[in-house]
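Colleague: Would you mind keeping the following structure in view while I ask a few things?
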Amino acid sequence: MTDTSAETSTRPGRLSEFWFYFRENRGAVIGLWIFAAFAFVALFGPWIAPHDPTAQYREFALLPPFWQEGGNSSYLLGTDPLGRDMLSRLIVGARYSFFVGIVVVSIAASGGIILGLLSGFAPKWLDTIIMRIMDIILAFPSLLLALVLVAILGPSLTNAMIAIAIVLQPHYVRLTRASVLAERQKDYVTSARVAGASKARLMFITVLPNCLAPIIVQAALSFSTAILDAAALGFLGMGAQPPTPEWGTMLAEAREFILRAWWVVTFPGIAILVTVLAINLMGDGLRDALDPKLKRS
């Protein structure tokens, strides 16, 4: 008993072990810090922004960044064609992108996990029906399918999030089902079944916690995909509608000025690039830290 207690006390906690493997990936740590800054800006954007993101200062239209000739220190990153402050719109736009990522991942993951669990425990005929529907969804290019769904529902940020969540859901279904099929063959599941555990308890209490590691990694990667797809739909005019300071919509509004006002397109593009890259790097670190096959002994 003493040896077991000593071993338990010297064994690092799960969080410490996770951080040990996560921090070995320097890119993931950098991505985590950038994501933390992104989350901070998204949460406190309206209080950080120096100007009202929708206020128009027509006399300062297409003002260049402050370091360029003709710039103004009151508008650090310049203004757009309507005289709105670019920095303020980028800061507040982070809130919309963060909101899109959270809502899309929440809807796609919750629905996908439930369908994946049902498919893993269901009779073969029901499993076949669920997986064939997922295969049909995956057969379409994701952005094209999202565009069609938004066209049916109507262009808006809410409908764009619903469409992106539907497009991403099959990935969670397939991943959860594969994990469930691998776990349900193990002894602890058989023991729980023999002990009289109900199917619902087997699904959600016994098996699901042991399937969460790959789902967490998929959620991180889906977060960046949701931001990118929302920006793409906004650029095509099917996502957030003007004057909403969403990054994709900002690109769409400024594309005709790209040759004579480079900043109105460059800064929203950089914001999308850096955010998506940081989340993907963080997702790689999560995979390395949560997948036992990738851990070095």
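Colleague: For Arg132, Arg287, Arg193, what's the fewest-to-most ordering of other Cβ within 10 Å of each Cβ?
Modeller: Listing Arg132, Arg287, Arg193 from fewest to most nearby Cβ atoms yields Arg132, Arg193, Arg287.
Colleague: Let me ask another. Can you put Thr54, Thr244, Thr190 in order, fewest other beta carbons within 10 Å first?
Modeller: With the fewest neighbours first, Thr54, Thr244, Thr190 line up as Thr190, Thr54, Thr244.
Colleague: A follow-up question, please. So what J values fall out for segment 212-218 if you push phi through Karplus, 6.51 cos²θ - 1.76 cosθ + 1.60 with θ = phi - 60°, rounded to Hz, Gly and Pro as x?
Modeller: Result, ordered by residue: 6, 4, x, 5, 4, 5, 4 Hz.
Colleague: Oh, and also: If I model a spin label as a point 7 Å beyond the Cα along the Cα-Cβ vector, how far apart are those points for Ser198 and Asn72 in nm?
Modeller: In this crude label model, Ser198 to Asn72 measures out at 6.6 nm.
Colleague: Oh, and also: Run lengths n ≥ 4 of DSSP H only: what is the helix-derived mean residue ellipticity at 222 nm for the chain, with -39500 (n - 2.57) per run over all residues, to the nearest 500?
Modeller: Mean residue ellipticity at 222 nm (helix-derived): -23000 deg cm²/dmol.
Colleague: What Kirkwood Rh does segment 17-130 have if only Cα atoms enter the pairwise 1/r average? Answer in Å.
Modeller: After inverting the pairwise mean of 1/r, the radius is 17.8 Å.
Colleague: If exposed means no more than 15 neighbouring beta carbons inside 10 Å and the site is in a DSSP loop, what's the longest run of the chain without any exposed GluC sites (Glu not before Pro)?
Modeller: 70-297
Colleague: Here is a further query. Under 16 Å from a point 7 Å along the Cα-to-Cβ line of Ala39: which residues of segment 196-235 have their amide N that close?
Modeller: From segment 196-235, the list is 216-224.
Colleague: If you don't mind, there's one more thing I want to ask. From the mean inverse distance of alpha carbon pairs (Kirkwood) and the Cα radius of gyration, derive Rg over Rh for segment 106-165.
Modeller: Answer for segment 106-165: 1.05.
Colleague: Using 0.36 nm per residue of separation minus the Cα-Cα distance, give me the extension gain between Ala61 and Val274 in nm, one decimal.
Modeller: Stretched fully, the Ala61-Val274 segment lengthens by 74.0 nm.
Colleague: With an 8 Å cut-off on Cα pairs and a minimum separation of 6 or more residues, tell me the relative contact order of the chain in percent.
Modeller: Answer for the chain is 25 percent.
Values quoted throughout were computed directly from the atomic coordinates according to the rules given, and no laboratory measurement underlies them. Just so it is clear, the structure is predicted and the values come from calculations on it, not from any experiment. In this analysis, Cβ positions are derived from the backbone assuming ideal geometry, glycine residues included, and neighbour counts consider all displayed protein chains.
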